[in-house]
Amino acid sequence: MSFASGLYSGVVTHARTKPRAHRLAYRVFFLLLDLDELGRLDWKLGLFSHGGLNLVSVREKDHGDGSDTPLKAQVEAELAAAGIAHGGPVRMLTMPRVLGHGFNPLTVYFCHRKDGTLSAILYEVTNTFGERHAYLIPAGDEPVVRQCCAKDFYVSPFMDMDLAYGFRIRPPGETVRVQVEAHDAEGLVLAASFLGRRTPLSDAGLLRAWLTHPWMSLGVLTAIHWEALRMWLRGEKLRPKPAPPARRVTVVDQAQLAA
């Protein structure tokens, strides 16, 4: 039995340009999960669970609105409400829970039409306060997808809200690349990226990924808080935390993309 789902191991980098330049890099692995395959993956793989506790697991309640509504149904409801073509696969690129623990700053959903072509990308952002927000942006079926939107959601106490995001995405194939840039009126503030190479999603692959990234979830949180401490010690001011957006998903229309 073959799957569209896969495993991507690679490196996440963060590079901030101002007010003080610093750079951070760490190794992680992501799962690409076709949301129609979750049940079959749970049945076939001994080290992966959909909703349960295992070496590697994914819980749908960690995403979307946190309800019992299947995640694909939630994504397709957002696509339908935005008037975006759907009906094909929805594949999420996400960091899973490891031994029941996990923190996933960004999950990327690749949403397809019935003919299998890419119609939109949904970026789901989770901050360290346990809040989630998503940006839904129409996409063409190109080798590299370029998108942009205004920042609507508080992520870091050291980042202003008056920023714009730029996305540069190489959709999953033998490799995947997700690059996010944050810009203010004067230029680039932050660039973050993940570059990973695909291997089959198997028990052997999951075990190998865990052995080479045993503290992945803890390491991500530690890296985030360590960088925050360094910035605070260097005198970087804290930005006040606004209320989260009223709507869980920001839909970016074609006019905003063109702008």
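For the list (1) farther than 19 Å from Val98 by Cα; (2) among the acidic types (Asp, Glu); (3) in contact (Cβ under 8 Å) with a residue 40 or more places away in the chain, I need the number of the one condition that Asp68 fails.
It is condition (3) that Asp68 fails.
Go through region 66-110 and count every residue that is among the hydroxyl-bearing types (Ser, Thr, Tyr), touching a helix residue (DSSP H, G or I) at 6+ places or on another chain (Cβ under 8 Å) and over 30 Å from His14 (Cα atoms).
The qualifying residues number 1.
Report whether or not Ala25 is in contact with a Ser or Thr (Cβ under 6 Å, 6 or more places away or on another chain) and over 27 Å from Asp203 (Cβ atoms).
Yes.
List every residue pair whose Cβ atoms sit under 7 Å apart, with the two residues 6 or more apart in sequence or on different chains, where the first one lies in region 18-38 and is aromatic (Phe, Trp, Tyr) and the second, anywhere, is in a loop (DSSP other than H, G, I, E, B) and surrounded by 12 or more Cβ atoms within 10 Å (Cβ to Cβ).
Sorted first by the residue in region 18-38, then by its partner, the pairs are Phe29/His213; Phe30/Met95.
So which residues in region 98-130 are in a loop (DSSP other than H, G, I, E, B), at pLDDT 90 or above and within 21 Å of Ser156 (Cα to Cα)?
none
Identify, from the list Leu188, Leu207, Leu238, Leu221, the residue that is at pLDDT 85 or above and either within 29 Å of Arg20 (Cβ to Cβ) or exposed (fewer than 12 other Cβ atoms within 10 Å of the Cβ) (or both).
Being at pLDDT 85 or above and either within 29 Å of Arg20 (Cβ to Cβ) or exposed (fewer than 12 other Cβ atoms within 10 Å of the Cβ) (or both) holds for just one of Leu188, Leu207, Leu238, Leu221, which is Leu188.
Name the residue, out of Ala77, Ala82, that is of a type outside the set (Asp, Glu), without any contact (Cβ under 8 Å) to a residue 12 or more places away in the chain and over 20 Å from His50 (Cα atoms).
When all the criteria are applied, what remains is Ala77.
The values are calculated or read from the model by the stated rules, or taken from the named source; none is laboratory data. This is a predicted model, so every value here is computed, not measured. Neighbour counts run over all protein chains shown; Cβ positions are idealised from the backbone, glycine included.
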